[in-house]
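> Please find one structure pasted underneath; my questions will follow.
The values are calculated or read from the model by the stated rules, or taken from the named source; none is laboratory data. What you see is a predicted model; the values in this text were computed from it and never measured. We place every Cβ from the backbone using ideal geometry, glycine too, and count neighbours over all the protein chains shown. Side chains are part of the model used for accessible areas, which takes the heavy atoms of the whole protein and leaves out ligands, DNA and RNA. Shrake-Rupley method; radii C 1.70, N 1.55, O 1.52, S 1.80 Å.
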Amino acid sequence: MSNKMHLKLTVNGQVVETLAEPRELLIHVLRERLDITGPHIGCETSHCGACTVDMDGRSVKACTVFAAQAQGAEITTVEGLAGPDGMHVLQEMFREHHGLQCGYCTPGMITRAWRLLQETPRPTEEEVRFGMAGNLCRCTGYQNIVKAILAAADAMAAQKEAAE
Ligand code: FES
Ligand code: FES
């Protein structure tokens with residue numbers, strides 16, 4: 001007898017349904033059952049942050065969330081950040097400031113930074129470093145990652161001012 005559960009989630013604004021074992025990890029549900037491969041698998045032990053997604057308004061490491069815990073959740077992955085006009089400003093700033101090298105950590109970095117800038121729209125460098133401490137870059141590109149996030153914060157503030 002299958003012990004799979006019927007899982008219903010909202011991912012990047014779309015309601016999706018699938019069958020999964022309750023103990024299956026959210027990162028596997030996303031990548032293998034829903035074909036959402038932006039979040040990566042690095043350590044699978046909650047250290048690296050490559051699997052970071054947003055769940056109900058908080059950054060989570062999808063390798064530490066069971067499918068059963070994600071029932072009914074609203075998930076945003078890096079695929080959900082771009083708008084109809086193109087890339088999210090964070091994605092643009094990572095490109096402009098060379099915030100990526102191999103790119104493996106980048107989806108998790110950007111998704112975490114997205115939440116960080118919602119919580120703290122004008123962070124100091126120290127706040128960025130602290131807020132990003134759960135995300136590791138094996139290429140050690142931290143200087144440019146921090147630069148890109150600070151530049152995105154400036155650009156988003158300017159956009160907001162222009163819209164007011
Ligand atoms: S794969 Fe989840 S924290 Fe490393
Ligand atoms: S850019 Fe290679 S791991 Fe971060």
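> In region 1-58, which residue that is β-branched (V, I, T) and open to solvent by less than 30 Å² (accessible area, probe 1.4 Å) is nearest to G134 (Cα to Cα)?
Of everything passing the filter in region 1-58, T52 is nearest to G134 (Cα to Cα).
> Can C102 be described as at pLDDT 95 or above, under 30 Å from L7 (Cβ atoms) and within 16 Å of ligand 2 (Cβ to nearest atom)?
For C102, the condition - at pLDDT 95 or above, under 30 Å from L7 (Cβ atoms) and within 16 Å of ligand 2 (Cβ to nearest atom) - is not met.
> Restricting to region 17-52, and then to whatever is within 14 Å of the chain's Cα centre (by Cα) and of a type in the set (A, V, I, L, M), can you tell me which residue is nearest to ligand 2 (Cβ to nearest atom)?
Top of the filtered list is A50.
> Oh, and also: Of the conditions (1) within 12 Å of ligand 2 (Cβ to nearest atom); (2) surrounded by 18 or more Cβ atoms within 10 Å (Cβ to Cβ), R115 satisfies every one except a single condition; which number is it?
Single failed check for R115: (1).
> I'd like the residue in region 108-141 that is hydroxyl-bearing (S, T, Y) and more than 14 Å from the chain's Cα centre (by Cα) and, out of all such residues, is farthest from ligand 1 (Cβ to nearest atom).
T124
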